[in-house]
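Data first, discussion second: the structure below is written as structure tokens.
The values are calculated or read from the model by the stated rules, or taken from the named source; none is laboratory data. Since the structure is predicted, the reported quantities are computational estimates derived from the model, not experimental observations. When we count neighbours, we look across all protein chains shown, and the Cβ atoms used for this are built from the backbone with ideal geometry, even at glycine. Only protein heavy atoms, including side chains, enter the accessible area calculation; ligands, DNA and RNA are left aside. Shrake-Rupley method; radii C 1.70, N 1.55, O 1.52, S 1.80 Å.
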Amino acid sequence: MPSDEYQDFLRELKLRTNLVDTISRYVPVQKKGGRFFCVCPFHADKNPSMAINEQDGYYHCFACQATGDAIKFIMDIESIEFGEAIKILAEKANIPVPEFKKDPQAEKKKAHSDVLKQIMVEAAKFYRGNLVDEIKGKEAREYLESRGINDEISKRYGLGVSLDYETLPKYLRYKGFKLSDIKECGLIANVDKPSDMFANRVIVPIIDSMGNVVAFGGRVYHGEDKTMDVAKYKNSTNTPLFNKSYFVYGINFVKRDRKTAGPVQDLILVEGYMDVIALGTAGINNVVAGMGTALTEGQAREIKKIVSTIYVCYDGDSAGRKATFKNIDILDSVGFDVKVMSLENGEDPDEAIKNHGKEYYLKKKEEALSITEYKLKLCELAFDLKTTEGKAKYVQNAVKVLKKFADDEARLEVYAKIVSGLSGVSVDAIKKSAVSGVKVNMDDKAKPKIAPDNDEAKNRRASRFILNRIMTNAPYVNLTEISPLWFNNATHKEIYNYAVNLEKGTDFNVGLMFSTIENNDEITAILDISLKFNPYEKDREYYLGCLNTIANDYIQGRIDALSSQLNKITDSKEKRPLQIEIQDLKRKKHSTDLKDKI
């Protein structure tokens, strides 16, 4: 947490920075009914989707969920780090950036991180130097050329080559770096017998969104057929600079390109960096890759900061289809419009481009299916629809796909007709099964049931709505009616406590809060509350209902915990205090007075 002195500087900087003026230097801003809007520069926005709150100093895009203050905007639009963004804003506001008393531990940690970054830069230069060397890099260059990767593409992606096990460690030692630090970067396995982890491979630098080399990937480029015991690919393990669970390869190139070409309409997600590079050789640059087939929610959210539409194009083999089936649900869960590309004959994107060319690949993109269409297609391919048993199994699996539309009658009707057309089962029977969860049976008279809302999700939505109203200074909010104990999310507690600790008579300012609370994703979710609840007077009843929800959830949790404790006690005298407390909690739960629940 920054010092009080530093927080005071940030507060002054934000108060003297006009966010509307800051954003208008990059995109046109227009005023509509007292609000400012602009076309979002962080995704391909055709209509103004970004709202700018001039008074509170924050922006929020209702399409791609990009959210932040002036500092965050400059960081993302310029692809620079926090300190550089501060300098730009301070210069515009004519405020000198003061010298602050540094935290010794933080400074030590930063200094060490800087050393690791220097090592990675030197390693990248070393590998690159090997590749461009007329003699040393000849074989590797020929290999890359055989894959269609020319000098221009090689330079764009910073490709290099490791020639042996010894020279990289020697070079870095010559540059004055410690073996222990080189090991920490993941470049060598141990300090006793230092050897290059990526020896005898073509090297792909892994670069973060700020342009820092944080890891490496290596691919065998000679003797592959003869050396079957050597893995074709080798990637950096997690280090202090690199966490593959949150990293997405290629985002730095997309950010760099959009400065000249403008925001991209969509991105293509592929399995690995060689696929990104292969598509780049064909001039298809809106491509990113996870570090392997396992996609995490953290990676999905990183991509979501750039676009709202994603095309998934994994390898066409069974492993690729399996990964696609799993990962499209993760992408769907964070709000993407997901399309799935299918490549024939088990090809990967690299092979598809090499064998059929760019136009073929773009045609496959045009033919991409929605998540539901893709899953239904997999069901269709999995069973023999010429047989009665095959049709039955197809319908059973297709119904599982359609369950998500149990409360969306129109879409359920559309997809049920597709399944009906292939199976011969009536549309009504398919719809009934999707809604009720009961297996398809033409004589089934069961009434449709919609699964109850998940309690955890309901609590989270209620908490977010309450905090949205606190953050937007709704006139009916009374903080004394709320207990911090009711919030079961750490970030929610932080935001509530921030509000409580404001000086008396001071309104909540979202822009100022951004420097004190780090979970930007959750802040984004809170601000992304539908505008249908405005004006405030119309949503007070809903707000109070949300307070009752989180209060009663907390009380019920206490009742459950005490009841569990009570069951373990045999002595009636020891039980009595707990029984009294449980009865009191039950009374509070049924009370209509919020203050009585605290």
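Taken over region 143-163, the residue count meeting the criterion of being in contact (Cβ under 8 Å) with a residue 24 or more places away in the chain and open to solvent by 30 Å² or more (accessible area, probe 1.4 Å) is 6. How about region 585-598: which of its residues are part of a helix (DSSP H, G or I), open to solvent by less than 60 Å² (accessible area, probe 1.4 Å) and free of Cβ contacts under 8 Å to residues at least 12 places away in the same chain? Passing the criteria: only Asp596.
Val440 meets each of the listed conditions (1) crowded, with 17+ Cβ neighbours inside 10 Å; (2) at pLDDT 90 or above apart from (2). If only residues of region 279-299 that are more than 15 Å from the chain's Cα centre (by Cα) and modelled with pLDDT under 90 are counted, the one that is most open to solvent (accessible area, probe 1.4 Å) is Thr293.
Yes/no matrix, rows are residues, columns are (1) surrounded by fewer than 16 Cβ atoms within 10 Å (Cβ to Cβ); (2) at pLDDT below 90:
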{"residue": "Val97", "(1), (2)": "yes, yes"}
{"residue": "Gln105", "(1), (2)": "yes, yes"}
{"residue": "His112", "(1), (2)": "yes, no"}
{"residue": "Phe126", "(1), (2)": "no, no"}
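Total residues in region 571-584 satisfying the condition of being more than 26 Å from Ile550 (Cβ to Cβ) and part of a helix (DSSP H, G or I): the figure is 6. May I ask you to list the residues in region 247-287 that are of a type in the set (Ser, Thr, Tyr) and farther than 26 Å from Glu347 by Cβ? Across region 247-287, the qualifying residue is only Thr260.
Checked against the criterion of being within 20 Å of Tyr498 (Cα to Cα) and at pLDDT below 85, the candidates Asp8, Asp76, Asp45 yield just one match: Asp8. Checking each residue in region 555-584 for being open to solvent by 50 Å² or more (accessible area, probe 1.4 Å) and in contact with an Asp or Glu (Cβ under 9 Å, 6 or more places away or on another chain) picks out only Arg558. Residue count for region 338-389 satisfying the condition of being without any contact (Cβ under 8 Å) to a residue 12 or more places away in the chain and more than 23 Å from Lys404 (Cβ to Cβ): 12. Scan region 38-71 for residues that are surrounded by fewer than 23 Cβ atoms within 10 Å (Cβ to Cβ), farther than 25 Å from Arg16 by Cα and in contact with a Pro (Cβ under 8 Å, 6 or more places away or on another chain) and the total you get is 2.
Restricting attention to region 487-535, which residues are at pLDDT below 75, part of a helix (DSSP H, G or I) and either more than 24 Å from Ile74 (Cα to Cα) or touching a Gly at 6+ places or on another chain (Cβ under 6 Å) (or both)? Residues satisfying the conditions are Leu531, Lys532, Phe533.
Criterion applied to Val276, Val230 was being modelled with pLDDT under 90 and either out of contact with any helix residue (DSSP H, G or I) (no Cβ under 6 Å at 6 or more places or on another chain) or open to solvent by 40 Å² or more (accessible area, probe 1.4 Å) (or both), and the one residue passing it is Val230. Among the residues here, Asp408 does not qualify as open to solvent by 70 Å² or more (accessible area, probe 1.4 Å) and either of a type in the set (Phe, Trp, Tyr) or farther than 21 Å from Leu381 by Cβ (or both). The listed residues are Ala85, Ala140, Ala93, and the only one of them that is free of Cβ contacts under 8 Å to residues at least 24 places away in the same chain, of a type outside the set (Lys, Arg), surrounded by 12 or more Cβ atoms within 10 Å (Cβ to Cβ) and in contact with a helix residue (DSSP H, G or I) (Cβ under 7 Å, 6 or more places away or on another chain) turns out to be Ala85. Within region 300-307, does at least one residue satisfy the condition of being at pLDDT 90 or above, in contact with a helix residue (DSSP H, G or I) (Cβ under 8 Å, 6 or more places away or on another chain) and open to solvent by less than 30 Å² (accessible area, probe 1.4 Å)? Taking every residue of region 300-307 in turn, none turns out to be at pLDDT 90 or above, in contact with a helix residue (DSSP H, G or I) (Cβ under 8 Å, 6 or more places away or on another chain) and open to solvent by less than 30 Å² (accessible area, probe 1.4 Å).
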